[in-house]
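Report on one structure; see the data block that follows.
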Amino acid sequence: MQIKNITALAPTDLLILPIRQGSHDLELWLAKLPIDLRQTIPLFSQDKDTFKLGQMQFFQSSDAVLPRILLVGLGAKTIENYQLFQTMAKAGQSAVKHQLKAVTLALPVEADQSTLQLCGTALAWGAYRFDKYKHADTDKTYAGIQEIHVLTAAPLPVLAGQITLDAVQLIRDLVNEPSNVLTPQFVAAMAIQLGKETGFQVTVLDHAAIVAEKMGGLLAVSQGSKQEPQFVVLEYGADFKDSPTVALVGKGITFDSGGISLKPGKDMHEMKMDMAGAATVLGTIYAAALNQTPIHLLGLLPLTDNMPGSKAYKPGDIITCMDGTSVEILNTDAEGRLVLADALTYARRFQPDYVIDLATLTGACIVALGHEAAGLMTNQEALKTQLCQAAAQTGERLWPLPLWPEYDELLQSTVADMANIASKPIAGASIGGAFLAHFAKDMNWAHLDIAGVAFGEDALSHGATGYGLRLLLEFFTILLAPASAAIMQRTISFH
Ligand code: BES
Ligand code: MN
Ligand code: ZN
């Protein structure tokens with residue numbers, strides 16, 4: 001899919017006009033458009049309900065330049081970037097429903113560059129499909145939206161938009177790919193290929209190397225699977241000596257059956273998404289490399305299945321993690337924290353300025369926040385502010401959850417340094433965070449529990465969402481230009 005900036009209207013299958021309720025947006029556009037279109041859009045009214053947020057009106061015309069128009073209501077109030085993204089995504093989905101190939105987006109004239117980019121990305125996001133395995137289908141010949149034109153008064157550098165789009169699509173494709181195809185080896189091979197294409201270093205630790213590193217957490221989780229685990233290390237921008245070093249850690253469970261503590265059958269198929277953290281880290285480093293962002297990045301991907309094979313680790317087992325911590329396994333379904341523990345320990349050797357892990361870690365985080373926001377846990381207040389600022393900017397909601405010392409007590413074990421689950425089924429997301437905090441130690445660290453946001457079940461976001469890529473890229477911008485941070489805090493939309 002191509003996204004490009006145009007400064008004069010050219011024919012496409014659909015013109016999308018987002019309109020603010022009670023504004024002159026539509027009149028302004030109608031004055032600029034070919035005359036017969038004014039008849040196409042009948043009796044334009046400023047009814048109370050017209051153009052309320054998310055309301056779509058689709059018009060067909062006989063005009064060759066603009067055969068169809070989609071009016072998208074933006075509501076009367078200032079909206080959060082999250083809502084703007086959702087609304088534009090719906091418009092993209094509607095274009096797919098009509099089987100269109102090229103669309104033009106024209107926003108109200110005051111829209112600034114970041115709003116235009118957000119809307120263009122959202123449109124493309126809504127048009128995403130994962131249908132490579134579908135053969136005979138009614139829409140077999142329809143290949144999806146190929147082109148998005150963003151109409152602006154002045155030229156806009158949308159190259160970054162294209163890279164973002166490609167990287168988000170890459171992440172979604174990886175997360176949607178089933179685990180019979182997407183094995184740890186598959187991800188490692190993909191990382192090597194992307195590294196070659198875009199110029200970042202990739203090192204793959206195989207089973208023997210993982211044993212040599214004494215990654216007891218990753219080894220324990222992988223024991224029950226025939227698939228060999230892989231630990232993939234990505235490095236980009238080592239030459240940027242003055243830039244901060246950011247280590248990104250991504251949970252890479254290619255399938256989470258729960259292991260011996262087997263999950264219930266219902267919805268188990270969705271656990272092919274348990275490597276969304278790893279996919280997001282890979283996609284982010286890919287995008288940063290293409291953008292040539294002047295930042296030193298590391299990506300650490302512990303990759304394995306969590307299966308109940310005959311060699312599987314079992315409740316009651318005591319394992320030793322890479323940093324020497326002994327962990328009593330009380331539930332083999334709390335596997336993500338074990339592989340992340342070793343990845344965090346490995347991260348330390350690079351002496352990173354920041355460590356951010358992304359993990360579909362707990363169902364409890366979904367109970368707490370639903371599918372609306374990722375949970376943010378951190379040992380550094382400044383990092384929280386920067387990440388939340390980035391999230392507000394990209395419309396990827398993030399919400400802080402506590403890491404109080406009392407949670408550590410719940411992780412006490414009678415036989416080992418720690419247990420892998422709490423003694424009571426409470427505060428599950430924070431417990432996961434508290435477990436990881438033990439391994440992050442004194443590093444500046446943040447944990448993003450993306451269990452609820454990485455994979456959707458509703459019509460708009462069915463399957464992988466690509467959550468986190470735009471957030472991290474925005475976070476890098478904030479890190480690299482602290483002086484402009486105040487500007488970024490400007491109110492989000494163009495109202
Ligand atoms: N991968 C799951 C968490 C998850 C659940 C992600 C639903 C996305 C949707 C994780 O490995 C897990 O199984 N966590 C357990 C932890 C528990 C055993 C302490 C959970 O949330 O039930
Ligand atoms: Mn699990
Ligand atoms: Zn898991």
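What follows is calculated from the coordinates using simple rules that are stated; it is not laboratory data. As the structure is a computational prediction, the values presented were derived from the model and not from experiment. Note: ideal-geometry Cβ built from the backbone for every residue, glycine included; neighbour counts use all protein chains shown.
The table below lists the values:
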| item | result |
| --- | --- |
| Under 5 Å, built H, 5+ apart or other chain: amide partners of I19 | V72, G73, L74 |
| Fraction in percent of alpha-carbon pairs per bin - 5 Å, the range 2-154 | 2, 9, 20, 23, 21, 14, 7, 3, 2, 0 |
| Three-way shape label, the chain, alpha-carbon gyration tensor, a/c 1.5 | prolate |
| Tail weight of P(r) past 23 Å, computed on alpha-carbon pairs of the range 352-481, percent | 33 percent |
| Whole-Å distance, taken between Cα centres, linking the range 75-117 and the range 209-288 | 34 Å |
| Karplus-derived 3J(HN,Hα), 6.51/-1.76/1.60, for each residue of the range 264-271, Hz, glycine and proline x | x, x, 4, 6, 4, 4, 5, 6 |
| Under the Karplus curve 6.51 cos²θ - 1.76 cosθ + 1.60, θ = phi - 60°, whole-Hz ³J(HN,Hα) for the range 109-126, x wherever Gly or Pro sits | 4, 6, 4, 7, 4, 5, 5, 4, 5, 4, 5, x, 4, 5, 4, 5, 4, x |
| Three-way shape call for the range 310-388 based on the alpha-carbon gyration tensor, with the a/c threshold at 1.5 | oblate |
| Cβ-based charge dipole, the chain, positive-most Cα from S61, P400, L218 | S61 |
| Proximal charge balance of A446 [Cβ under 13 Å; K/R count +1, D/E count -1] | -3 |
| Neighbour-count ranking [beta-carbon atoms within 10 angstrom, fewest first] of T465, T477 | T477, T465 |
| Between the range 159-179 and the range 140-154, the alpha-carbon center distance in angstrom | 17 Å |
| DSSP bridge orientation in the chain - percent antiparallel, rounded to nearest 5 | 40 percent |
| Most positive-pole-ward Cα, P264, V327, T378, against dipole of the chain from beta carbon charges | P264 |
| Size of charge dipole - the range 240-327 - debye, nearest 20, with Cβ of Lys, Arg +1 and Asp, Glu -1, no other charges | 100 debye |
| Cα-centred dipole magnitude for the chain, charges only on beta-carbon of K, R (+1) and D, E (-1), debye, nearest 20 | 820 debye |
| Cα-based equivalent ellipsoid, the range 305-347: semi-axes from gyration tensor eigenvalues, Å | 19, 12, 8 |
| The range 2-154 - share of DSSP beta bridges that are antiparallel (%, nearest 5) | 20 percent |
| Angle between the chain longest axis and helix 469-480 axis [Cα atoms, degrees, rounded to 10] | 80 degrees |
| Leading residue at positive end of dipole, the chain (Cβ point charges), from I148, L436, L338 | I148 |
| Between the range 420-436 and the range 323-357, the Cα center-to-center distance that results, in Å | 14 Å |
| Anchor K196: lysines whose Cα lies under 30 Å away (excluding residues fewer than 8 positions away in-chain) | K4, K132, K214, K226, K241, K251, K272 |
| All aspartates and glutamates inside 19 Å of K32 as judged from Cα atoms, apart from same-chain residues fewer than 8 positions distant | D13, D63, E110 |
